[in-house]
Each structure stands twice: as C-alpha cells, then as structure tokens.
1. In region B:143-181, what residues are surrounded by fewer than 18 Cβ atoms within 10 Å (Cβ to Cβ), without any contact (Cβ under 8 Å) to a residue 24 or more places away in the chain and within 14 Å of another protein chain (Cβ to nearest Cβ)?
2. For region A:207-229, check the following and say yes or no: at least one residue is assigned to a loop (DSSP other than H, G, I, E, B), small (G, A, S) and closer than 22 Å to A:R72 by Cα.
3. Among the numbered conditions (1) modelled with pLDDT of 80 or more; (2) surrounded by fewer than 23 Cβ atoms within 10 Å (Cβ to Cβ); (3) within 12 Å of chain B (Cβ to nearest Cβ), tell me where A:A60 comes up short.
4. Please return the ranges of helices (runs of 4 or more DSSP H) entirely within region B:120-223 where 1 or more residues are within 16 Å of the chain's Cα centre (by Cα).
5. Considering region A:175-202 alone, what residues qualify as being farther than 22 Å from B:L188 by Cβ, more than 7 Å from every other protein chain (Cβ to nearest Cβ), not in a helix (DSSP H, G or I) and not polar (S, T, N, Q)?
6. Provide a single number: the residues in region B:65-87 that are crowded, with 20+ Cβ neighbours inside 10 Å and in contact with a Pro (Cβ under 8 Å, 6 or more places away or on another chain).
7. Looking only at residues in region A:34-46 that are at the interface with chain B (Cβ under 8 Å from one of its Cβ atoms) and aliphatic (A, V, I, L, M), which one is farthest from A:R72 (Cα to Cα)?
8. If a residue has to be over 13 Å from A:F127 (Cβ atoms) and part of a helix (DSSP H, G or I) to count, how many in region A:40-62 make the cut?
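The values are calculated or read from the model by the stated rules, or taken from the named source; none is laboratory data. In this text the structure is predicted, and so the values were computed from the model without any measurement. Cβ placement follows ideal geometry from the backbone for every residue including glycine, while neighbour counts extend to all protein chains displayed.
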Amino acid sequence: MAVPYAWRAARVTPLGELHTPPRMTAALLRLAVQVVLVASLWHGLYAHTGTTAGMTRDQAVTYAVLAVLASRLRELDQYAARDTVIQHMHFGTIVYWYLRPLSPQRYYALRALGEQLYGLAWALAGFAICLAAGVVQPPGSAAVAGVFGLSLLLGQWILYYVMLAIDQLCFFTLRNNAAMLILIFAQNLLSGVYAPLWFFPDWFVTLSGFLPFQATLSVPLSLYVGRIPLSDAGPALLVQAAWVVVLALFTRLVWRLAARQVISQGG
Amino acid sequence: MPLKAVRLAWRITRLNFRAQLEYRSEFLMMIAIGAVWQVSVIVFATVLLTRFSGMGGWDSSDVLLIPATRMLAHGLFVLFLGRMHGIGYFIQEGKIDVCLVRPMPVHLQVQLRMFPTNAIGDLTVAVALMVGALSRSHLDWTAGRTSYLIVAVLGGMLLEAALFTAVASAALRFPAADYWGRWLEELLGTFGSYPLNVLPKAVGGLLTYGLPLAFVAYFPAAVLTGHGHDTGVPYWLAAASPLLGLLAYAGSRLLWRWSLGHYTGVNG
C-alpha cells in the first residue's frame, strides 16, 4: 500500500484532536493534575518509610508518574470520532469497512498507529517536563534507556492486540461495553497502573505472569526504574515478543471469523 | 412525587431491567464490572495499608471506613441518580430534545433512560466492604454514630450526584464536557478512598475547596473515628459534610433547570 494512503488513515485521529482545542486543553489539565496528585501521593506514603518491597521512594514515584504518562498513549476519546467498532455495529455501518479498497484490519491498524503516535507525543512532552522538574529520575544508563524504549514498543504492541481483541468481540456479541470496562480494569490492575506489581503478594505477581497485561507496562517501567536489572532484560523482552506473536495470530484468526458475521443491509 | 408518577417510574424501571436482560452475557458482565471496579479500590487500599504502616496517622480499621463509605455512597448514586454521568452522547445525539416534548420532567426521564445493571455489583461489594469495615472497627457504634454514618452515606451520594449534575448541565451547552465527567469519576475512585492528609497541604486543599472530594467520605470518616480535628478544615465544616452534600445537590438541580432553560439544541 502506498505510504501517502497509510499516512492519511493514520492521521485521522490526531487531526480530529488538533481541531478540538477544548479537548486538548482538558487533556493537558487532566494529565498535569494527575501527575501532581500521583507524585504527591507516593511522596506522602514514603514520608516515614525508606525502602518498601525493594523499591525506594524515587523508584516508586518515577514508576507511578511514568505509568500516568504511559496511559496517555491510548487514552483518547474513541467515541468522539464515531469510528469505533461498537458504534459501526450499532448503526450497521460496519459493512462499509468491508467495501473499501482498504482491508478492515489494515484500516484499524493504521488508525490505532495514528492514535498511539499522537499519545506518544503527549507522553514524551510530559516526560521531558517531569524530567526537567526532577519529578522523575533519568534512566540509569543509555543501555537502560534503549532497552526501556524497546520494551515499551513491545508493550504498546501487545496493548494494541488486546484492545483489538475486545473490539472484535463486537462482531459476535454486538456489545462490548462491559468487556471493555473489565479489560481496562484488568489492564490497570495487572499492568501496575494502580500500584507497582512489586507491592502485591507473590501469588498475585505469579498469576499476572501468565497474562499479557504486565508485559504492556509493568515490564518496561520496571526496566526503567531498575527493578528488573539489565542482565534479566533478555527473558523479559522475549516474553513480550512471544505475547506479540500469540496475540497477532489470534486476532488474525478472529478477523477471518468476524468477516463471516458481517452482512450488508438486506442480507 | 405523586403516586401516579412513582407507579410510572417503577413500570419504566421494570421495562428497562428487562431490556438489559436482552443481552444476557452483557448483563452478567455489567454486574461483574461493577464488582471488580470496586474490588480494584479495595486491592489498592489493601496494598497500601500492607506496605505502608498507617496512612496519615490512621490505623487500617479506620482507613477502611473511608472506602466503605465512599463505595456505598457511589453504589447508591449509580442506582438512583447515576444517569447524569455520561449524558454527553445522549445530548450530542439529540435524544434530549425528545425528552423536552414529553409530559414528564426531563431530569426524571434522563434518570429512567436505562437500568444501571452495574449498580448491583457496585452495591454488593460496597455492602460487603462496609460490613468488613464495621466488624474490624474498634469504635462504639452508638445510635448517634450509626445515624451519622447513614446520613454521611446519603450525603456522599448527593454530593457525587451534584458533581455529575453540574457536569451534565455544562454538557447541555458543551457536549464535550462529558470528558470531565470521566475524569471526575477517576479522581473520586482514586483519591476518595484514603486519608487526604497523606498528601501535601496544597494538594489536599485542592481536593477540598477546588473539587469537594474530601467531603464525600474522608471528612465524615474523620469525624466518626476521632480524626476530625486533624483534617485541616474547621471541625464543624468536616462534621457538616452530609449537609453540604444536600445543599450541593439542591444547587446542582437549580443549575440543571437553568441550563435546560437555555438549551438550544441543534436547531436553535
């Protein structure tokens, strides 16, 4: 497919956001307040404690703030664009995804890529400000930064497939609101957004190891703050890559099954 | 509300409940999501309480009373007054215009537009947490203290309803205001469940006077557990939290009525 066409599809969401200044202002304010609140909370919790669960105050604050910034990567108002799978299923317009000269899976992937790049711009800007203000610690070395970047990329890739799988559910159940909420909950809890997984009991950490969520955020952030040493980065990255492959194959299969469910108006 | 209106509201609610049952798996998952969403708050609070000895000078049994009060207030809000949350799309799609021409108050129509299945899960977990918090509590639960707790839960429900009604009023003019509702829900869930004195004073002040989140559960729990003088606000103000909820809700309903009077819709 020609690059210009891919670019046009990918930029739909960012352009939509750039043309709605109130939403961008709200996102900016929300992100700033959330970072301040989260940093304040962890500073307050560590006020009378040195190291807890092997994490120092600086590690915990850095982890928590980076988790907030990373959540911006996929935190767009998806419904505002009126282009979610559930909306198309509801209004019967999903059939048009199958009538274009661009396959639904390719279109979905390009839109998601645009969204995540737009979110990345927000996260990077926030990271630069937090780093300059001393809210977060810089990575331990250039090698740590590189491994973190790779791990974050793999994590976002996994998250894309997880979100896709939930959207694909619409083809079979017509509704996915509850599934989406459960996914967001599972993602926040099991990837360490609420609190770093290192604070949870051992059985919980073991359980989360069998699920893809911890690979989306907990692994890259643990690499960044040094809770996973560079010597152990290889196996962690391999597990992430394995999840990418497994979920890619699974969602590819579901796309095929989903296509059989779509009927145009009139049958 | 006249008896006829109550009967009508009950009939609509029954129909809405049956409509929710149309999609069985979605119905069951909505109950589950209400429950797991609240469990996440418990997990977070438990992890913090386990890893950090005492929060802001409160012992764990006292701290538990905060999420229990907030969750119960939230569950009741979702069940009775929660449809104001997420009304942006309802307005954006012009559905509110239909309500304007029906012989029933628009606010009531909005509240009756669907049955909140997730409230079943919310309330189940909230009641369980409240029972757990009360059984672990070392306080003497006199009639006065129990009555204050009940009033505090109702006040918390009204205060949360007031905040979402204010956002809904703004959404009548700017449908994108719905975005603020989702943020509000996140803030209430994240920062409404533990002692705010663990935060720096400026941040605690923001969550007290900027966004009155502290009045939902933190202040009432502080008054009940004897921490009422250490909250950073006058004791009488902390103790008056339930009354503030009532006043805020009355004010938000006035704001809703005024906003509805100025609603122009897509056709002016």
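1. The one that is surrounded by fewer than 18 Cβ atoms within 10 Å (Cβ to Cβ), without any contact (Cβ under 8 Å) to a residue 24 or more places away in the chain and within 14 Å of another protein chain (Cβ to nearest Cβ): B:F174.
2. No; the residues of region A:207-229 include none that is assigned to a loop (DSSP other than H, G, I, E, B), small (G, A, S) and closer than 22 Å to A:R72 by Cα.
3. (2)
4. B:143-173, B:178-191
5. A:P196, A:P201
6. 5
7. Ranking the qualifying residues of region A:34-46, first place goes to A:L45.
8. Of the residues in that region, 14 qualify.
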